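See structure below.
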Ligand code: SAH
């Protein structure tokens, strides 16, 4: 049986609380048969508190919840306060886990609901002569304000109003009087003020009061205020849709223009940072923040880190490193777009990036201004920063409280010395995380059109470092066994040793005409690939001037190579 907890932020309005409670009941009714159990609670100001709602679900045996923020847009409540309150619940109940769903809007159901509220206010008067002022809550988060502007535009599209303009009741411009004045100057005679709000509260009341004051000052204008979205079936269905998305792991959070991720004028200090304490300077009676503790319902107040810009477990914001943390990130074989989503998110939040030569260096151009890039260029046989120096740099930057990303080529643990770096951090008491990467050991062949395994052709792949030639005193490789094997052999770091390796393999039983593929600069625009027989690969490779980084792929799969190379990376 599945459980859903609907999380409200709380209101001083008794009507608002009543609507929330009735709405939770409506969701429960409409969910019958699809969601096993539904509860609702507030993080502050109102009863029932979230902790009671979660406690009731836990008492009924639930250990994994879908938690939905009952907010229209993601701003301070949705990005910070509600996740923080949920994190406290998870600490309180052992074994409790939850998936955090996304905010309700934007969604066509909401636009339709707004349209119906405006039409009700028009009571038959024509749309063409009507301007709509869509009033959002307003936020210090530009992304949240931009979303209200987007909803205004979507409400205008195809519905025949003279125009729809966004405004805000708090914290953002234009204010309610300002947007009404703007519409008046545009020549509006009839204006419907449409609050983009779910339920009754102090701020919707203020919208009504400000609209009335403006109307009183302009008796020539027809100013009406539409109803709130309110407790209705459409909203309940939207909650159930968000619940289903969250359960299915399909949470498409709009983070493209989030000030915590993307540089915005005036918000440079926010990128990659935890969210700052959430305060509404213009809230009535001192504001949430100041009397928060007086209204504390036992959920413990804001603990340290409670405002981290987290959207929930498993979601990418969870992957933003904390200050003082090192992330060892596999960047893939080189092109910008073969890094993992997780690796990229960490990179975007980094204060310091320690980068290898074979890492996707193109991504460095997109780093925030001011990010320190340390070049650990490790060219084979070329100048290299000693591993000890790299380890020391990682530890020192982390100890200075920076977010450190160690950006490596391929996978950090495939001949990448990544684990030495992890060990060094752990030994120094520095928190460290590893992100796997697309390894050239597999990807070079794939990018050149050769499958490293194929049904009926090769049932094993062996990845071998060729940096030490056969017979070398320190070699750990059983070359004789590899000569007897029949499957696919992938050689890394073998440009200088491939001739000796080929000879040993033939000596121990590999057919001299075994096909070998050499792939240089796999994934890059100048990727090159040549093939040759095993007993000729050394000479061909030298003649063709195959140079590092290159991978050799050896075995019958090479004959499966398609004549046309697969499309390269998108540019
Ligand atoms: N950790 C890396 C490998 C590091 S060892 C990974 O998982 O891919 C370095 C070797 O990797 C190079 O000598 C070469 O053999 C191989 N390599 C890395 N990137 C490559 C690329 N883009 N094309 C071909 N070979 C590559």
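Below is a table of values for the structure above.
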{"read-out": "In degrees, nearest ten, helix 14-31 long axis to first principal axis of the chain (Cα)", "value": "50"}
{"read-out": "Estimated 222 nm signal from helices in the chain, with DSSP H stretches of n ≥ 4 weighted -39500 (n - 2.57), rounded to 500", "value": "-9500 deg cm²/dmol"}
{"read-out": "Order of 131, 156 under a 10 Å beta carbon neighbour criterion, fewest first", "value": "156, 131"}
{"read-out": "Order of 463, 490 - criterion: other Cβ atoms within 10 Å of each residue's Cβ, fewest first", "value": "463, 490"}
{"read-out": "The range 108-225, relative contact order [Cα under 8 Å, separation at least 6], %", "value": "30"}
{"read-out": "Residue 357-residue 473 pseudo-label distance in nm [points 7 Å out on the Cα-to-Cβ vector]", "value": "2.6"}
{"read-out": "With Cα atoms, 0 to 90° folded angle of helix 418-427 axis to the chain main axis", "value": "60"}
{"read-out": "Cβ crowding within 10 Å averaged over residues, with 536-547, 406-417 ranked highest first", "value": "406-417, 536-547"}
{"read-out": "With Cα atoms, 0 to 90° folded angle of helix 498-507 axis to the chain main axis", "value": "60"}
{"read-out": "Relative contact order for the chain, counting Cα pairs under 8 Å that sit 6 or more residues apart, in percent", "value": "11"}
{"read-out": "Rh (Kirkwood; distinct C-alpha pairs) - the range 325-438, Å", "value": "13.5"}
{"read-out": "Protection-proxy order for peptides 322-335, 164-177, each taking the mean of Cβ atoms within 10 Å per residue, highest first", "value": "322-335, 164-177"}
{"read-out": "Cβ crowding within 10 Å averaged over residues, with 195-202, 76-83, 240-247, 478-485 ranked highest first", "value": "76-83, 195-202, 240-247, 478-485"}
{"read-out": "Antiparallel content of DSSP bridges confined to the chain, in %, to 5", "value": "25"}
{"read-out": "Projected area averaged over orientations for the chain, convex hull of C-alpha atoms, nm²", "value": "32.3"}
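Any read-out appearing in this document is the output of simple, stated calculations on the displayed coordinates, not a laboratory observation. Only a predicted model underlies this, so the values are computations on that prediction, with no experimental measurement involved. Neighbour counts are summed over all protein chains in view; Cβ atoms, including those assigned to glycine, are modelled from backbone coordinates with ideal geometry.
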